[in-house]
Amino acid sequence: METTLLYGKDGLSINIPDNSFMVEPNNLEGLPETNRSIKEALQNPIGTSPLKEVVKATDTVAIAISDITRPTPNHILIPLLIEELNHVPLENFVIINGTGTHRDQTREEFIQMLGEWVVDNIRIVNNQCHDKDSLVNLGESKFGCDVYLNKDYVEANFKIVTGFIEPHFFAGFSGGPKGIMPGIAGIETIMTFHNARMIGDPLATWGNMENNPVQEMTREINGMCKPDFMLNVTLNREKEITAVFAGELYEAHDKGCEFAKEHAMIKCNERFDVVITSNSGYPLDQNLYQAVKGMSAAHKIVKKGGAILVASECSDGLPSHGNYSKIFEMADSPQALLDMINNPEFKMFDQWQVQKQAVIQVWADVYVYSKLTDEQVKGAMLKPISNIEKQLDELKKKYGENMSVAVLPLGPLTIPYVEE
């Protein structure tokens, strides 16, 4: 039978065995009147007063957004926020792009993310995690590091965080406090947040918020300089808004996580020989670094010694910035990478993504369909493929004609799990 994986901007149609198990939710319809729903959420928020009532005309307003690797529809959210706060002069606003350790965005990318009117009329800054002059030290985290957050954010009179909520491969769920930590944090704080102990904790996984150290740290640091208001959404496969969660940070985020868990997590009765996944298409599949999320979703239901086939366009390469590709040059196998990263003396940003990938590779073979060269894929210790159907035929030689196959067309927008 034929199915379409989310891949790049256009999708990828593939033929899969008729007995394949499809892992996808009932696709929720986008809200019929998106703008009206968002305005109603701003005027009737969860756990706090209406937004317009709590922001004074003299306030400076900082709005933290997710960067271009996330599909948050900020071209819709930000203009509506500014419209709702039309009593505040435009020069009092600042938008902080939550790059974390990612690269800066260009003006053209900001126009794509926010719309030209916003770019022309509102001050926008990229978070600079390495520049201490643009950060403020708020004290020490119980997790053992100094806490640095963006200066424009800290010094604003009123703080808003936007984002979208979906299961996350080590924070439990995205959105909410993650827009601040690690989105607009300093490198020292981000490194602790992503260290080997935190990422390797078995409770730091998809959909789990209970005793998850990563979620605990992000909430602790948000509490040190808490956003005054949160505006988050959930999305369907077409990246349409399906629900809006606005109001007090923790209460509104918890309600959003409950909604996402109900619609995005699918129970499977057993593991599979082969799992085919996407990385949710553009913008999440821009590079191989981000594609680890799709691999991780498949890892939840693939057998030990099985195979994961991930389709991720990787239009932005590995990427060329950051240390992701460099770390692979420092060891000769996934297990050697894990041994190196688990050494407390080893500290290099981007190690967390390599750590997650190596754990998956120790468990199963990982094949990548993308626009990368074979050499680039092999350099990341992965197996390049140019045709998913042919690779399935090859894998039958290993697993037999009765090879079990699961397919995640939406990638990490849908998280499967097996109760073991």
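The values are calculated or read from the model by the stated rules, or taken from the named source; none is laboratory data. Given the structure is predicted, the values throughout are model-derived calculations rather than measurements. In this analysis, Cβ positions are derived from the backbone assuming ideal geometry, glycine residues included, and neighbour counts consider all displayed protein chains. The area values use the complete protein model at the heavy-atom level, side chains included, leaving out ligands, DNA and RNA. Shrake-Rupley method; radii C 1.70, N 1.55, O 1.52, S 1.80 Å.
For the reader, a short list of remarks on this structure follows.
- Hull shadow area, averaged, the range 165-277 [alpha-carbon convex hull, nm²]: 8.4 nm²
- Residues K239, K398, K383, sorted by accessible area with the largest first, give K398, K383, K239 [1.4 Å probe; ligands and nucleic acids excluded].
- Hits among lysines - C-alpha to C-alpha of K300 under 20 Å, sequence gap 8 or more where chains match: K261, K267, K356, K383
- Accessible area per residue for the range 40-144 is 45 Å², calculated with a 1.4 Å probe on protein heavy atoms, without ligands, DNA or RNA.
- Computed over the range 35-121, the ratio Rg/Rh where both radii use C-alpha atoms and Rh is Kirkwood: 0.97
- Calculated FRET efficiency for the pair R103/K326, C-beta based, R₀ 22 Å, to 0.05: 0.90
- Net length gained if the chain between A336 and N269 were fully extended (0.36 nm per residue, minus Cα distance): 20.9 nm
- Point-to-point label distance, E40-E91, nm (Cα→Cβ direction, 7 Å offset): 3.8 nm
- Eligible lysines near K159 by straight Cα distance, threshold 16 Å, same-chain separation 8 or greater: K52, K56, K151, K178, K226
- The DSSP beta bridges internal to the chain are antiparallel in roughly 30% of cases.
- Once the Cβ-Cβ distance of E2 and E83 is raised to the sixth power relative to R0 = 56 Å, the FRET efficiency obtained is 0.80.
- Span-like helix ranges in the chain, DSSP H, alpha carbon extent 15 angstrom or more, Kyte mean at least 0.0: 288-299
- Test item: Cα-centred dipole of the chain, Lys/Arg +1 and Asp/Glu -1 on Cβ, debye: 500 debye
- Alpha-carbon centroid distance for the pair the range 1-70 / the range 300-315, whole angstrom: 25 Å
- Each eigenvalue of the Cα gyration tensor of the chain, multiplied by 5 and square-rooted, gives one semi-axis; in descending order these are 36, 24, 19 Å.
- Ignoring aspartates and glutamates fewer than eight residues from K390 along the same chain, the ones with Cα atoms less than 19 angstrom from its Cα are E2, D18, D273, E313, D365, D374, E401.
- Each residue, E210 and L138, gets one label point 7 Å from its Cα in the Cβ direction; the gap between the two is 2.8 nm.
- Net length gained if the chain between E155 and K396 were fully extended (0.36 nm per residue, minus Cα distance): 80.8 nm
- Counting 0.36 nm for each residue step from T60 to F346 and taking away their Cα separation leaves a gain of 98.9 nm.
- Just the protein heavy atoms count here, and of the accessible area of the range 30-128 at 1.4 Å, carbon and sulfur take up 48 percent.
- Taking only protein heavy atoms and a 1.4 Å probe, the accessible area of the range 228-277 is 42% carbon and sulfur.
- Largest to smallest accessible area among Y367, Y250 [probe 1.4 Å]: Y250, Y367
- Portion, in percent, of the accessible area of the range 279-333 that falls on carbon or sulfur, probe 1.4 Å: 48 percent
- FRET E, pair K383, D131, Förster distance 35 Å, beta-carbon r, rounded to 0.05: 0.35
- Helix-only arithmetic for the chain: the sum of -39500 (n - 2.57) across DSSP H runs with n ≥ 4, divided by the residue total, places the mean residue ellipticity at 222 nm at -9500 deg cm²/dmol.
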